[in-house]
Amino acid sequence: MTLTAPPLPPLHLTDDPMTDVTVVIVDRDLLFSRGLELLLERVSGGAVRAVGHTADGSAAVELVRRQRPDVAIVGLSLPAPGALPVIRELKRLYPWVRVIAMGGPGAGIGGGDTDTNGAVAALRAGADGLFDTTAPPETLLAPLRATAAGMSVVPPAVMAALVDGPARRDTERLGGLSVEERRLWRLVADGLDTSEICHALLVSERTAKRRVSALLLKLRVGSRLQAAALAGRCGLLDTE
């Protein structure tokens with residue numbers, strides 16, 4: 001998806017909580033989009049005003065360029081090229097436009113025990129907030145206003161996935177190491193150089209270098225410093 005037109009200057013909302021908010025909606029279901037437009041205007045008393053919608057993800061950038069909204073609501077069920085490229089392109093070209101990814105339990109936004117991968121991917125693509133399409137209509141206004149004002153609105157289950165996911169993967173790396181590899185990792189994390197590692201393990205310098213290189217490869221890090229930082233996150237340095 002490309003656009004040759006230059007970006008527009010940012011629009012700034014005031015601190016007034018009743019400041020009008022303009023939105024565009026990008027969703028595959030035009031009937032749903034029209035219903036959401038009317039709903040937002042009704043529950044906000046006209047303070048939230050929809051200025052356009054499209055069912056074509058490739059037309060989203062042009063819609064935002066033309067309408068200059070405060071918020072772009074992007075449905076995660078968009079057909080190819082999909083919602084994530086749309087979100088990335090909107091944030092690249094118009095970083096001041098707030099983007100809300102919209103979906104239900106199937107996208108991991110509706111809470112419960114659903115898979116949160118879709119919602120997490122949307123946030124990593126640049127989305128500033130998430131809309132649950134199954135939520136009561138009167139609950140949509142607050143997160144929309146908060147997002148428009150510069151805050152990020154993320155459901156607790158999705159936030160937990162964002163926080164716990166990397167930590168869980170780091171812990172899994174620790175569990176996949178042998179006792180000898182853990183000891184070597186601890187030596188590296190403690191800042192020992194190659195000669196000191198040689199003495200600690202009673203091996204030659206060549207063997208020490210080879211083992212350290214193999215450890216870095218297994219940890220999927222590029223340096224001893226990164227290995228030390230990873231050791232701290234995994235709790236390796238908290239153990240004796």
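Residues in region 41-54: is at least one of a type in the set (Gly, Ala, Ser), farther than 20 Å from residue 146 by Cβ and assigned to a helix (DSSP H, G or I)? Within region 41-54 (the criterion being of a type in the set (Gly, Ala, Ser), farther than 20 Å from residue 146 by Cβ and assigned to a helix (DSSP H, G or I)), the answer is no, since none of the residues qualifies.
Scanning region 191-240 for residues that are assigned to a loop (DSSP other than H, G, I, E, B) and surrounded by 14 or more Cβ atoms within 10 Å (Cβ to Cβ) returns 192, 203, 221.
Within this structure, residue 173 fails the test of being basic (Lys, Arg) and either over 13 Å from residue 236 (Cβ atoms) or modelled with pLDDT of 80 or more (or both). Candidates in region 101-118 are the residues that are more than 17 Å from residue 81 (Cα to Cα) and in a helix (DSSP H, G or I); of these, the one that is modelled with the lowest pLDDT is 106. Taking interchain pairs and intrachain pairs at least six residues apart, which have beta carbon atoms under 7 angstrom, with the first residue in region 74-85 and more than 17 Å from residue 64 (Cα to Cα) and in contact (Cβ under 8 Å) with a residue 60 or more places away in the chain and the second in a loop (DSSP other than H, G, I, E, B) and aliphatic (A, V, I, L, M)? Short answer, once both residue conditions are applied: 81/1.
The values are calculated or read from the model by the stated rules, or taken from the named source; none is laboratory data. Computed from a predicted structure; not experimentally measured. Note that each Cβ is placed from the backbone with ideal geometry, even for glycine, and that neighbours are counted across all protein chains shown.
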